[in-house]
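Below is one structure, written out as structure tokens; comments come after it.
Nothing in this text is a laboratory measurement; each read-out follows from the coordinates by a stated rule. Quick caveat: nothing in here was measured; it's all calculated off a predicted structure. Positions of Cβ are generated from backbone atoms using ideal geometry, with glycine treated the same way; all protein chains shown enter the neighbour counts.
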Amino acid sequence: MSQWMTLFQKEILEMWRNFKWIWVPITFILLGVSEPLTSYYLPQIIKSFGGLPEGSIIDIPPPTAGAVLASGLSQYSTLGVLIIVLGTMGVIAGERKSGVAAMILVKPVSYLSYISSKWAGSLLLVWFSLFIGYLSTWYYTGQLFDWIPIGEFFQSFVLFGLWLTVVLTVTIFFSAALLAPGMAGFISLAIALVLSIISGALSHLLEWSPSQLAGYASALLTVGELPDDTLPASLVAILLIVILLWLSVFLFKKKELAS
């Protein structure tokens, strides 16, 4: 356990040196506050562009607080996923390419500890950034529109965080399996995009898909209750995370021993 904690602390420190603990949370905060501010000031924004006939009246019905908060989550489904992939695609592949991984594994360090500590460090960064970003969305939505119950906030946060954890684990898997960080990031983004598109198009058949968790979190905010398939989708997501982590260790160990 002490070995794992040492590797975990090394990962946290490395992310400090790379300023990930600064730019990732700040980016999530900016994404979080943009949606409620844009929704509230949309009529003034449209009016400021001009070009409307004289005497025109801009009458845009204000969105509900749940819809605004759900739109804020959609920001993390696109740009948030991109940030996570770009920030973690080289966490293992980069060290393999530079030879740092080989130097660490020369010592009595298990492959499981090496992979899981990197996953845990990245996971902490993702969940922390999502929480403060989503909290800022919730706060500004409450100030400008109406307050969403704190229980619904936390439930939607956990569901969406679980989906981002799947994306993170997919990225860690390809970072362990491939030597090129760019290729690992490209494949991870492609898989997340394809999975979201297929699950959206075949939502009546793939209710259990982990990518549906983002939609289920939004449904909780707009409708006020969770869909019936939330639990199966959550269990599949957890199972997929465990399988991908095991495969990451297996493939990484196989490639390292072969090199």
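Observations on the structure shown:
- For the chain, the dipole from Cβ point charges (+1 on Lys and Arg, -1 on Asp and Glu) about the Cα centre works out to 1360 debye, to the nearest 20.
- Arranged from fewest to most other beta-carbon atoms within 10 Å of their beta carbon, Val249, Val223, Val91 become Val223, Val249, Val91.
- Exposed-loop-free span, longest in the chain, where GluC sites (Glu not before Pro) count as exposed if DSSP calls them loop and at most 10 other C-beta atoms lie within 10 Å: 55-224
- Between Phe131 and Leu179, the modelled label-to-label distance comes to 4.0 nm, taking each label 7 Å out from Cα in the direction of the beta carbon.
- Helices that extend 27 Å or more along their long axis by alpha-carbon positions and average at least -1.0 on the Kyte-Doolittle scale are, among the DSSP H runs of the chain, 20-40, 111-144, 150-177, 181-201, 230-258.
- Value in Å of the Kirkwood radius, where region 157-259 supplies the Cα pairs that are averaged: 14.5 Å
- Amide H to amide H distances under 5 Å link Ser211 with no residue, where only residues 5 or more positions off or on other chains count and H is placed in the peptide plane.
- Segment Leu239..Thr27, full-extension length gain: 73.4 nm, with 0.36 nm per residue of separation and the alpha-carbon distance subtracted.
- FRET efficiency estimate (nearest 0.05) - Cβ-Cβ, Trp208 to Leu42, R0 45 angstrom: 0.80
- Förster radius 35 Å - calculated FRET efficiency between Asp146 and Phe186, Cβ distance, rounded to 0.05: 0.30
- Summed side-chain charge close to Leu135 - residues other than Leu135 whose Cβ falls under 15 Å, Lys, Arg +1, Asp, Glu -1: -2
- Residue order, fewest to most surrounding Cβ atoms within 10 angstrom, among Met5, Met183, Met15: Met5, Met183, Met15
- Normalising the average separation of contacting C-alpha pairs (under 8 angstrom, six or more residues apart) by the number of residues puts the relative contact order of the chain at 27 percent.
- Exposure proxy for Asp228, Asp146: other Cβ atoms within 10 Å of each Cβ, ordered fewest to most, give Asp228, Asp146.
- Placing +1 on the Cβ of every Lys and Arg and -1 on the Cβ of every Asp and Glu, with no other charges, gives region 164-259 a dipole of roughly 540 debye about its Cα centre.
- For the chain, the equivalent ellipsoid built from the Cα gyration tensor has semi-axes of 38, 20, 17 Å, listed from largest to smallest.
- For the chain: lysine pairs under 25 Å (alpha-carbon distance), excluding those fewer than 8 apart on one chain: 21
- Net charge in the neighbourhood of His204 (other residues with Cβ under 14 Å of its Cβ; Lys, Arg +1, Asp, Glu -1) is -3.
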